[in-house]
Every structure is written in structure tokens, then in C-alpha cells.
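**Student:** This structure is in C-alpha cells; I'll ask about it shortly.
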Amino acid sequence: MLWGDPGIGKTTLFGYVADAAAEDFTVLRCRGTRLESGLAFAALHELLWPVMERISTLPEPQAKALNGALGNSGDTADRFLIGVAVLTLVGELAEKRPVLIMADDAQWLDEPSMQCLAFVARRLRNEPVVVLLTGHEDPVGGPWEGLPGMRILGLDDEDARLLVRAAAPDADEAAIRQIVCAAAGNPLALQELPSSVVAGDISTHPIVGEQIAVGPRLRRAFDIQIEGLSTAARTALLLTAAEDRGDRNTVRQAGGVLGLGTAAWDEALRSGLLTMRPGERIGFRHPLIRAVVYEQAPLAERQAVHRALAAVLTGEKADELRPWHLAAAVEAAGGPDEEVARLLEDSAHRSWARGGCATAARALRRAAKLSPSTEDAARHLAHGARAAWEAGQVDVARAMLERAERMSSEITVAALSDGLRGLLEFAHGDLESAYRYLTRDMDLMVDPGQAFKLGSMAVRAAWAAGQSGLQREALAHLQKLPQPEFPNVELLPLLRQWWAGDCESCPDTHDRADVPSGQIVDWLSTSSWRLMPPAPLGVAWGIECVLDEALHRKIDNLRHTDQVTALTLALAQTVTLDIAQGLWTSATANALEGLQLAEEIVADHLASQCRNCLGWLAAARGDQHAVARYAAETFAQSVPQGGRALSAAAEWNLGMSALFTGRAEEALDRLVRLAERGHHSAHPTFAVLAALDTAEAAVQAGQPAKAEEQARLLRRWAERTNAAWAVSAMHVVQALLASGAEAEKQFRLALEVPGAASRPFAHARTRLLYGEWLRRARRRVDARIQLAEAAETFRRLGAAPLLARVQAEQELTGQQLRTTETADRDTVTILTPQELRVARLAAEGLTNREIGAQLLISPRTVGHHLSNVFPKLGIVSRADLARVDFEDGLRLTG
């Protein structure tokens, strides 16, 4: 990003680069304009125009998405799929020759194009592609965050004098000094200010050392040139400024409507303010001239030129541009206009259908401003808020919704926006407030599907807020809704059972054994997937295998539809399930990928969920700094929003980290907060999940009474759910509290629970605790058996703290460990998380294009990752990947 003040030379540098690259690069170029900033994908259309025929060579879903965005078809698509399509297209162009992407005046690009280009720029890694943009501001903090920026500075005094002498050969030394002082190194000012000196606009006695602002000086310099023209020539300039695209035919025809002849255009061109560009384009010598011409024109003249332009527009963009010109004319007249508002609304819906949600929101906001009726204005704002929400513009959506509510009523706006207030609060606000809005609005929806969606979100909001009573209330409310397309209604009692809340006040248990798991998977993966229990709740119920299969079926369906955002969000939900099942390598890769997407789409709660999963893994692996960092980020986000599920997970991670590194009292202090009424980290689901950790910390800290509380909690949960992990954990806690033969009996019962071994980490911990007990009982040979099994699992998972604890116990039994046994390096770390995800998908048979579409990277980057994976794994082809065990040290099988 080249950035700096107007007139500093960015566009000139741009032209130099384009000329220098013309022979060796494929150059794709576009320019942002004020007018077309309101047209969805206008800049992208201009950028890709030279290679439009290549779109048909893309994978069909990507080609449809891009053609729909560009207005070549009626297809709609996820905005990320559009970005993936452009990334693939650019990557394939770069295979033949380097590509130069240029976007001048990037601050005026339409928002969908801006989002698409920013998406592409952030994912270019190994392609021979240059992206060059110009703008007025440092990219830090804006849509181009993360891109390198170069500020273009002014000329030094000596170079400035040379430029002035070239621009004004007749200027004397005193005038040159005045101009150099006033211009402050700005090249455009150095060329334009001589006319101001002649007009006496610059003082001949400037204060020594005074820093003179360039802006007003330059504007005055242009004013002097503009004022010297005839009225007709000034109108020609104003027409060009209002049209802002450089379409010579359009401005000439509009000039005809206003009675301008050839003489007016000739005079404007002779002034040097207008220039003719290649391809019959007309424009200003510098964008600042356009701004001065337009801003200084009387309102009546602006109104006239915009109406003239609206009258003559033809071509593919006419229907999109005409409403904006008419809106500008109406606003110049200072009054509302229902017809123009309607045209803007129609334009918004067309943009929305093509995936240009940000543009739709902007058009609807403008329509609301021009609507004579407050009810119509509220409707436009409510619909516009929904469009902004779908574009990821949370603050814009919230502001539009609030304006709509001030014009109408909350109830009316809720119905018009499909319950957006509750969805906004659920994703970015207070969860109890989200619950109240969602339960209120579900009854207002005409569409039963939308009502069911809001109801299911209300249940989730209550669970996330740690409010068991609200969960039951939301379920009861949801059950009263009409459910015409809800199959397998007989399974609703099972659903209520999962969601009913803490075991203190749970309803009668239903027998899950009567429902085949296959039927549950079918049910969850189809119409009822929105009410699928969140992963931690599913893990607590011991249904992680069922949830995992249902989610992967959903993911397979999403792959076929190429709904990239939904696909990635679904993958992120599998992380907790992978952790429980001992698939930590996959969990790490998916959590990192999910976090990246969540931050990109500003999904705060999902980002915290991914951080918590990474924090759990960091605690188990002994990375205390990472645990603390992830927890701090989660608390900062979730505590103000009442997200107790997220805060509880972070607190659990901190407690585990302390426990695994020998700080039992600190661990206990943190873990008891999960059941402390009123605490921001109190949550019944996580209190149950962490009960074994809490009990172990209590025993180590010499507080058996607190361990007995955890034993009772686990017993109640085990009786309610019959979950294997809970039954096993209950026996482990009883073993920790017992002695002699009773302790050994409980340890053996814990290890023998059917299904307990399906959670390798928990099972290995049981073996570790049993081995420690056996060693203390001086049964060293028996201890070694349990400790060896535990060590193997901890080594495979990379659970360094517990592996070290096992090894210390092994040495106390008198066992001499080999050097390889004491190494705690996890062999799977030879691949980066992204390399691992690429390798796994390639092993499933996906092509580079398909992998790129799923991971939001280019096919060339996929190839680069695979070229690193093969030598790291000691293989030579994609076929060999099918023999790699990605969860067991990346070993080859077969």
C-alpha cells in the first residue's frame, strides 16, 4: 500500500510501475471512484475484465460464484467463495507469467471488491503476484490491515526547486522560495502554486519556519484556474466530476441535455484540468481537481448535472448507477423522494442477490434518508441492517437497527429484520439480552424456519450464559412453535434431555439405548442440526462419537455446496470432539484455522471457543504462557458479555495448567469457581467436565471434603447420563479418597468401564494415578505396567507435564529409561498445522483446487505445502499419503 497526502505522487508512481511491468507481467488494474463505490463488485469487474474468459476454466462452484458477483449470472454465493475464486484465478494466471494487481484510490473501492481483494492479498504466499494499492491513509487498522505500507513523503527543498523551475521557467528566486515554502514538498502543489503566486494568493513575507498547510493552498490554486473558464466549460468540468467514471460518451450525451457544445469541451481540455486517457476515457489531471470542482459548485448545478447523467445512462451498469445519480440530485434539492428511494431499494436487492451485501446496506441506508414515510425509512434501515450483518459489518448493522427502532417500534423492526437484534447480541453482545430478544422475536416470525432458528439460538444463548433455568424455558417455548418440516419428532424428548441443564434440577432421564445411534446421526445431520448440542455439552453427555459423525456428514454436504464460511465454522465445532477422542493433531490444526476465520468475520464467540480449545491443548502440553494468553483474551471478550461457558472453559484451562505443573492449591482455587454461584466462570457443564481435575487438586492440596463434593457431582451425572467417561471419573475420585483394597478396586473399575478407553488422555491419566498408587504400595512391577501404558499415550499426544510425571514415577520404581523414552518431543510437530491440514485432505483424494477452496488458500500454495510435506514425511507421492497415520506420530502404515 502506497499511502500519503493527495498530490504527493502516488498515482504517478503507479503509472511508472504499470509501464515498467507491461512486457513481463499480466497487469490487472482498477481504480476506486466515489460514484462506483456504491456499486457491488464494480472495481472487481474492472480488474478482471482483461481475463474474463478465464472464469469458465475455474471449478464450477467458483465460476458460478464469480459470475454471479460480476453480474454475468443470477448465481449467489458465500462472499468467501468469491474470494477463493479470484485467488484461484490469479494463482493460475501466475503459473504462466507474473501477475501485477493494481488498485488506485483504494479508499474508494466498493466494499465487496475491497473485501475480496483484501482476502486475496492476505492469502498470497508463494505465488509470483504483486498487489499494489494507493490510498490516503496508513493501512494499519483498516481493511488492508497486515499488508506492508510505504508512506510517500514530499520532496526535499533542492528537488522541490528543480520541479518549480521546470513548471514555471519564468519564476524568480523569491517566487520559487515562496512556492517551496508553501508546498512543503508536495509535487502537485509545486506545479500548481505558481498560478497562486501570480494571483497574489501567497504572502510575499511568510513567517520564517512556519509550516503552511498544503490543502487550502492547492484548492485555491485550482480555484484560480477554474474561475478563469467560461460557465459552459465549468459545467463540462462539473459533469465529468459527477460522472466520475471517465465514460466520454456518457458525459458528452449529458452535456447535450444541458446544451453544451463542442466549444465548452475544447475549452475544458485546453485548460489542462481535463485529460483524455486511453480507451476514450476522460478524467482530471489529479483527483483533487475533481473534488474542488464538485464541492465548489452550487447545489442547483449539481442537481442539474446528476439528472442529466441519469437521463442518458445506458449499458450494463445503468440500472445500478441511475438511482445514485437521482439520489444525489434529490439531496442537492434538499427534499425526500419516494420514487428514488424505491429505485435504491431495487438496486440494493439486486446487489444483495449477487453477494454484494455491503453495497446493499449502503443503498438501503440512502433509501431511508430519501423516504418521505418514517415507516418506509424504518423498513429500509431494518433490511439494510440485515444486509450489513451478512457483510460482516457489525457496527453498521447495529447502528442501522437502532435508527430503525427510533423511527418505528422494536417489535416492528424485529419482524422486518428477521430477529436481527437477538442474533447481534448472541454473536457480539450480552447473552442474557440475546436470550430475551430471541425468545420474544421467535413468535413474530412469519417463516416457521426462521422462528425455529431463533428459538434454537435462544437455547444456545441460555446455555452459553450458564443459565439452566432459561435453557428449559427456551426449550418449552420452542416446543410450542409450529414445526412443519421437522422429521423424527419422536426424538424431541432426547433433545430436551441433552439441553435440559444442570443435573441438580434435571427432568426424568430418558433411555438413550432405545434410539439407535444411526438414527440420531441422521436426525442431527439434517433438519435439526441447529439444535445439535454444543461440543462441550455433547462431550459431557458422552455422545462425542455421535456428534462427530453427524458433523462430518454435515461437512460433507457443505463441501458439495461450497458454502465456505459455513464449512469452516462447522469444522471448528469438531475441535472439542477431536480433543476428547485423542485426535490432538487435527484439533490443533482446525482450531488455528477456525480462529483465523473467526477473527476475519468478527465472530467473537467462535474466536474465543477456538482459543479455549488451543488453551486446553496448551495446558495438557505444558505451555503455561500460551494458556495464560488465550485465557486473558477470552476473559476480555466473554466476561463483559456474560459468556460464562467461554469464561468457564478458560478458567478450567488455567486450573489444569496449574494442576499439571504441580501447583495444586492454585489449581483448586481456580477450579472451584466453576461451581461458585454468581462467579463469571460458573457453568454447570464445565463444572462436571472439570470435576476429576478439581478432585485431584483437592486431594493434593489436603482438602478431601472438596474432593468428596466432586465425587457426589460425578455420581449424579453418571447416574443421569451413563456416560462412560463420567462413570470412570467417578470411580477414579472414589479411588483417590479411598485406601487399601477399596482404592485398588475403584481404580480397576475405572479402567474397565466399557468405552472409557475411547478417551485416550483420560484413560492414560487413570493409569498414571493407579500406577502412582501401586508404586506407593510397593508393588513396583505392577506399577511399571500401568505407567508404561500411560507414558506411551502421553508421548504420542505430546502431553509433556504428565509424561514427565510418569517418567519420574517409573524411575522411582527402579526402571532405567532409555534416552528415547525420556524425549518429550512430539513427532507430529514436524508439520505445521496448515501443512497437516493440506496433507490430510490430499490423503482423502482432494485435488489442489478443492483443498484450496476448503482452506481458503490458492492451489499454488497447496502445492507449496505438499512439496514441504513429502520430504518431511519421507514419501514421494500423494498416493503415499493414504498410508500415513496422522494421529500417531505421522507413521506409515501397511
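A short reminder: the numbers here are calculations on the coordinates, not readings from a lab. A quick note: this is a predicted structure, and the numbers were derived from the prediction, not measured. Quick reminder, even Gly has a Cβ in these numbers, built from the backbone with ideal geometry, and neighbours come from all protein chains shown.
**Student:** Report the local net charge at LYS10: Lys and Arg +1, Asp and Glu -1, summed over other residues whose C-beta lies under 11 Å from its C-beta.
**Tutor:** Charge balance in the 11 Å sphere: -2.
**Student:** Further question: Could you point to the residue in ALA697, LEU802, HIS731 farthest towards the positive end of the chain's charge dipole, with +1 and -1 charges on the Cβ of Lys/Arg and Asp/Glu respectively?
**Tutor:** Selected residue: HIS731.
**Student:** Please report the antiparallel percentage of the DSSP beta bridges confined to the chain, to the nearest 5.
**Tutor:** 30
**Student:** Whole number please: convex hull volume per residue of the Cα set in the range 336-417, in Å³?
**Tutor:** Normalising the Cα hull of the range 336-417 by residue number yields 65 Å³.
**Student:** In the neighborhood of ARG403, defined by Cβ-to-Cβ distances under 15 Å, what is the net charge if each Lys or Arg adds +1 and each Asp or Glu adds -1?
**Tutor:** Local charge sum for ARG403: +3.
**Student:** Another question, if that's okay. Output the relative contact order of the range 759-825, whole-number percent, from Cα pairs under 8 angstrom with separation of 6+ residues.
**Tutor:** 31
**Student:** Would you tally the net charge around PRO640, using a Cβ to Cβ cut-off of less than 15 Å, leaving PRO640 out, and scoring K and R as +1, D and E as -1?
**Tutor:** So the environment of PRO640 carries a net charge of -4.
**Student:** Also: What's the magnitude of the charge dipole for the range 759-825 around its Cα centre, counting Lys and Arg as +1 and Asp and Glu as -1 at the beta-carbon? Answer in Debye, nearest 20.
**Tutor:** 140
**Student:** State the Kirkwood hydrodynamic radius of the range 229-315 in Å, one decimal place, computed from all pairs of distinct Cα atoms.
**Tutor:** Result for the range 229-315, one decimal place: 12.6 Å.
**Student:** Which peptide among 30-41, 295-306 comes first, and what is the full order, when sorted by highest mean count of other Cβ atoms within 10 Å?
**Tutor:** Averaged packing, sorted descending, gives the order 30-41, 295-306.
**Student:** Using amide H atoms built in the peptide plane, which far-off residues or other-chain residues are under 5 Å from PHE284 H to H?
**Tutor:** Residues meeting the amide H criterion: THR275.
**Student:** Moving on to the next point. Please turn the phi angles of the range 472-482 into ³J(HN,Hα) values with the Karplus equation 6.51 cos²θ - 1.76 cosθ + 1.60 (θ = phi - 60°), one per residue in order, whole Hz, x for glycine and proline.
**Tutor:** 5, 5, 5, 5, 5, 5, 5, 5, 7, 6, x
**Student:** When the C-alpha atoms of the range 829-892 are aligned to their principal axes, what extent does each axis show, in angstrom, from largest down?
**Tutor:** 27, 21, 19
**Student:** Now for a different question. Read phi for every residue in the range 335-351 and hand back ³J(HN,Hα) as whole Hz from Karplus 6.51 cos²θ - 1.76 cosθ + 1.60, θ = phi - 60°, with x for Gly and Pro.
**Tutor:** Using θ = phi - 60°, the values come out as x, x, 7, 5, 5, 5, 4, 5, 4, 5, 5, 4, 4, 4, 5, 5, 4 Hz.
**Student:** Among THR568, PRO533, LEU606, whose Cα lies farthest out toward the positive end of the dipole of the range 529-659, if unit charges sit on the beta carbon of Lys, Arg (+1) and Asp, Glu (-1)?
**Tutor:** Farthest towards the positive end: PRO533.
**Student:** At 37 °C and 0.692 mPa s, grab the translational diffusion coefficient of the range 759-825 from Stokes-Einstein with a Kirkwood Rh over Cα pairs, rounded to a whole number in µm² per second.
**Tutor:** Estimated via Stokes-Einstein, D reaches 288 µm²/s.
**Student:** Between the range 703-776 and the range 619-636, how far is it from one alpha carbon centroid to the other, in angstrom?
**Tutor:** About 27 Å separates the Cα centre of the range 703-776 from the one of the range 619-636.
**Student:** Now, a different point. Compactness ratio of the range 245-293: Cα Rg over 2.2 N^0.38 Å, N = residue count?
**Tutor:** Working it through for the range 245-293, the quotient is 1.11.
**Student:** Shifting gears a bit: So if I place +1 on the C-beta of Lys and Arg and -1 on the C-beta of Asp and Glu, and nothing else carries charge, what would the dipole magnitude of the range 420-485 be about its Cα centre? I want it in debye, nearest 20.
**Tutor:** In debye, rounded to 20, the range 420-485 gives about 100.
**Student:** Taking every pair of distinct Cα atoms and averaging 1/r, then inverting, what Kirkwood hydrodynamic radius in Å comes out for the range 597-706?
**Tutor:** 13.7 Å is the Kirkwood radius here.
**Student:** Okay, moving on. Compute the convex hull volume of the Cα atoms of the chain, divide it by the residue count, and report the result per residue in Å³ as a whole number.
**Tutor:** Spread over its residues, the Cα hull of the chain gives 201 Å³ apiece.
**Student:** Would you grab the residues whose amide H sits under 5 Å from the one on MET102? Only those 5+ places off in sequence or on another chain, please, with H modelled 1.01 Å from N.
**Tutor:** Placed amide hydrogens put LEU28, ARG29, CYS30, LEU132 under 5 Å from MET102.
**Student:** Largest first, please: the extent of the C-alpha atoms of the range 577-659 along each principal axis, to the nearest Å.
**Tutor:** On the principal axes, the range 577-659 reaches 29, 25, 20 Å in Cα extent.
**Student:** Among all lysine pairs in the chain that are eight or more places apart or on different chains, how many have alpha carbons less than 24 angstrom apart?
**Tutor:** Within the chain, the lysine pair count is 7.
**Student:** Same structure, new question: Once you compute Rg and the Kirkwood Rh from C-alpha atoms, what is the Rg to Rh ratio for the range 1-72?
**Tutor:** Across the range 1-72, the Cα-based Rg/Rh ratio is 1.05.
**Student:** If you don't mind, there's one more thing I want to ask. Pull up all non-local amide H partners of LEU2: gap of 5 or more, or a different chain, and H-to-H distance under 5 Å with H placed in the peptide plane.
**Tutor:** Correct list: LEU133, THR134, GLY135, MET150.
**Student:** Also, I was wondering about something else. Short version: ³J(HN,Hα) in whole Hz for each residue of the range 745-754, in order, from phi by Karplus 6.51 cos²θ - 1.76 cosθ + 1.60 (θ = phi - 60°), x for Gly and Pro, what are they?
**Tutor:** In residue order, the calculated couplings are 4, 5, 4, 5, 4, 4, 6, 9, 4, x Hz.
**Student:** Follow-up question, since we're still on this one. Take the Cα radius of gyration of the range 258-406 and divide it by 2.2 N^0.38 Å, with N its residue count; two decimals is plenty.
**Tutor:** 1.22
**Student:** Okay, moving on. Would any residue of the range 631-665 have its amide N under 19 Å from a label point 7 Å out along Cα→Cβ of ARG776? List them or say none.
**Tutor:** Within reach of a label on ARG776: 659-665.
**Student:** When all alpha-carbon pairs of the range 420-485 are counted, what percent fall beyond 17 Å?
**Tutor:** 30
**Student:** Something else now. Rg to Rh for the range 2-151: what is it, with Cα atoms only and Rh by Kirkwood?
**Tutor:** We get a ratio of 0.95 for the range 2-151.
**Student:** Now, a different point. Dipole of the chain, Cα-centred, from +1 at each Lys and Arg C-beta and -1 at each Asp and Glu C-beta, to the nearest 20 debye?
**Tutor:** With Lys and Arg at +1 and Asp and Glu at -1, about 1420 debye.
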